[in-house]
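The values are calculated or read from the model by the stated rules, or taken from the named source; none is laboratory data. All values reported here derive from a predicted model rather than from experimental measurement. Positions of Cβ are generated from backbone atoms using ideal geometry, with glycine treated the same way; all protein chains shown enter the neighbour counts. Only protein heavy atoms, including side chains, enter the accessible area calculation; ligands, DNA and RNA are left aside. Shrake-Rupley method; radii C 1.70, N 1.55, O 1.52, S 1.80 Å.
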Amino acid sequence: MRTPIIAGNWKMNKTVPESVALVRELKPLLVAKPQQADVIVCPPFTALYPVSRELDAGEIALGAQDLFWAPKGAYTGEISAAMLLDLGVSYVIVGHSERRAYQNENNALVAKKLAAAFEAGLRPILCVGEKLAQREAGLADRIVRAQLEENIKPLMADQIRKLIIAYEPVWAIGTGRSAEPRDAGVMARAIRTAIAAKFGTKVAAEVRVLYGGSVTGANSKDFLEVDGIDGALVGGASLKAEEFAAIVKSAS
Ligand code: PEP
């Protein structure tokens, strides 16, 4: 039985006071009823430490939105896995499509970041997904499998079983146009099949596959009910405590 994950990606939103206010608003909404899901918030780097101090009780885990692959050195502006661990971070998003688009992150770089995250003891959330033209050309499955294969190249079976994969069609992110839950399920199952082909069904059965792309309190249940989808990576809707809490509840 895979525990669902609801992860909030705050992206480049919220100052420190705003981040603290959001998490303070969120906490009581989640403790009212025991959650059946692992809940993660991923604030911007600048707010990780103050948010971490608010999360002592452990109802909510802390994630970062990115990391650098080297442990330390002359990499101006970068943040290492050890620095994230210092702040109480346990999860890290890797290969988000916005980083692939705006920071030109390629599959080889994403693979190095995944390896660095595992090496340091962080749980990575790997994002994969096709662009609209690729879906329209019938290439979604092929593109996502290719991304996945390249990204997980350096990983061992023991790391794969701990991997969290977010299937995030690029055209559905931040657009208000979510995928059809049925289509998202097809892709989530294709991802698990690809893992099984390489690492066996036992390992693949442990991997949690999330859907991400315009998930809201109103549509989350439709995704979470689909066979093969083990949770959601949520952007815009994670910036509102009530709405994010509603998504968490729909996973219970
Ligand atoms: C995301 O940032 O990963 C995401 C899915 O964003 P949104 O929910 O806003 O589409």
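Lys11: which lysines have alpha carbons under 29 Å from its alpha carbon, excluding same-chain residues fewer than 8 sequence positions away?
Qualifying lysines at Cα under 29 Å: Lys27, Lys33, Lys72, Lys112, Lys113, Lys131, Lys153, Lys162, Lys221, Lys240, Lys249.
Run the helix sum for the chain: -39,500 (n - 2.57) per DSSP H stretch of 4+ residues, divided by residue count, reported at 222 nm to the nearest 500 deg cm²/dmol.
So the helix-based figure for the chain works out to -12500 deg cm²/dmol.
Would you mind telling me the share, in percent, of accessible area of the chain contributed by carbon and sulfur at probe 1.4 angstrom?
53 percent
Rounded to the nearest whole Å², what accessible area per residue is found for the stretch 61-150 with the 1.4 Å probe?
For the stretch 61-150, the solvent-accessible area averages 48 Å² per residue.
Considering amide H positions built from the backbone, and no H for Pro or chain starts, which residues 5 or more places from Glu59, or on another chain, come under 5 Å of its amide H?
HN-HN under 5 Å from Glu59: empty list.
By accessible area of protein heavy atoms, probe 1.4 Å, what ranking do Val226, Val31, Val16, Val39 get, highest first?
The most accessible residue leads, giving Val31, Val16, Val226, Val39.
Below 8 Å, C-alpha to C-alpha, sequence gap of six or more: please give me the relative contact order for the chain in percent.
Averaging sequence separation for qualifying contacts and normalising by length gives 22 percent for the chain.
How much length would be gained if the chain were fully extended between Ser52 and Ala137, taking 0.36 nm per residue of separation minus their Cα-Cα distance, in nm to one decimal?
Numbers: separation 85, 0.36 × 85 = 30.60 nm, distance 4.35 nm.
Using 0.36 nm per residue and subtracting the Cα-Cα distance, I get 26.3 nm.
Suppose we take every Cα in the stretch 144-252 and form the convex hull; what volume per residue is that in Å³?
Per residue, the Cα convex hull of the stretch 144-252 comes to 100 Å³.
For the stretch 176-241 and the stretch 91-150, compute the distance between their C-alpha centroids and round to whole Å.
15 Å
Working with all protein chains in place, sort Ser178, Ser19, Ser252 by solvent-accessible area computed with a 1.4 Å probe, largest first.
Ser252, Ser178, Ser19
Once the convex hull of the C-alpha atoms of the chain is built, how many Å³ does it hold per residue, rounded to a whole number?
Cα convex hull per residue, to the nearest whole number: 115 Å³.
Ordering Tyr102, Tyr91 by accessible area with a probe of 1.4 Å, largest first, what comes out?
Accessible-area ranking of Tyr102, Tyr91, largest first: Tyr102, Tyr91.
Taking amide H positions as placed in the peptide plane 1.01 Å from N, state which residues far from Gly8 in sequence (5 or more) or on other chains have amide H under 5 Å from it.
Here the answer is Ile40, Val41, Cys42, Val234, since their amide H atoms fall under 5 Å of that of Gly8.
Would you calculate the separation in nanometres between label points at Asp86 and Glu149, each defined as 7 Å from the Cα along the Cα-to-beta-carbon direction?
A separation of 4.0 nm, rounded to one decimal place.
With +1 on each Lys and Arg Cβ and -1 on each Asp and Glu Cβ, how big is the dipole of the chain about its Cα centre, in debye rounded to the nearest 20?
Numbers: 30 positive and 28 negative charges, 69 e Å.
That gives the chain a dipole magnitude of about 340 debye.
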